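Accompanying notes for the structure given below.
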Amino acid sequence: MQHPETLIEPIKTHRDPRGALFEPLSDAGLAAQKNVHVVLTQPGEVRGNHVHLTATETTSVVGPCLVRLKEAGGIRDIDVPAGEIWRLTIPPGVVHAYRNTGDGVMVLVSFSTNLHDPAGADTRRETIL
């Protein structure tokens, strides 16, 4: 199956002694979404390992994190450095997984262009990480 590549970009972040603040989506990007979920992942653990058949998923991840993607060109690994916040726009058909490579809880904020379906009709499990 051919599909576009995943868009990966650092997010503009305001930092001060209290921590960091970022907007995971632009106003226009937010208007196109039908679901949002926040995922907290313990050190060494993996989230994802699935593909969406029709939904585009946009995820902001706070590093450190190993992101693995299975795209048309094969497997691609991306290391999100500690303290950085990156956004991934994952088109339908791209398998994706996230491993917390740090010592603390990893934060993911994900948006989907599809409504949440408890039956998982748009999601297929595929272990790549």
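The charge dipole of the chain, taken about the Cα centre with unit charges on the Cβ atoms of Lys, Arg (+1) and Asp, Glu (-1), comes to about 120 debye, rounded to the nearest 20.
Size descriptors for the chain, from the alpha-carbon set: Rg then Dmax equal 14.2, 47 Å. Approximating the spin labels as points 7 Å out from Cα along Cα→Cβ, the Glu84-to-Leu7 distance works out to 1.9 nm.
When shorter helices are ignored and each DSSP H run of at least 4 residues is given -39500 (n - 2.57), the per-residue value for the chain at 222 nm works out to -500 deg cm²/dmol. As a proxy for reagent exposure, Leu40, Leu129 were ordered by neighbouring Cβ count within 10 angstrom, fewest first; the result is Leu40, Leu129.
For region 17-75, what class follows from the C-alpha gyration tensor (a ≥ b ≥ c being the square roots of its eigenvalues): rounded when a/c is under 1.5, otherwise prolate if a/b is larger than b/c, else oblate? It comes out oblate by the Cα gyration axes. Mean separation of Cα pairs under 8 Å and 6 or more residues apart, divided by the residue count, gives region 35-127 a relative contact order of 47 percent.
Dipole orientation for region 7-125: of the candidates Pro10, Ser26, His96, His96 has the Cα lying most toward the positive pole (charges on Cβ; Lys, Arg +1; Asp, Glu -1).
Readers should treat all values here as calculations from the given coordinates under stated rules, not as data from a laboratory. These numbers were taken from a predicted model, which means no experiment stands behind them. Cβ atoms come from the backbone with ideal geometry, glycine included; neighbour counts cover every protein chain shown.
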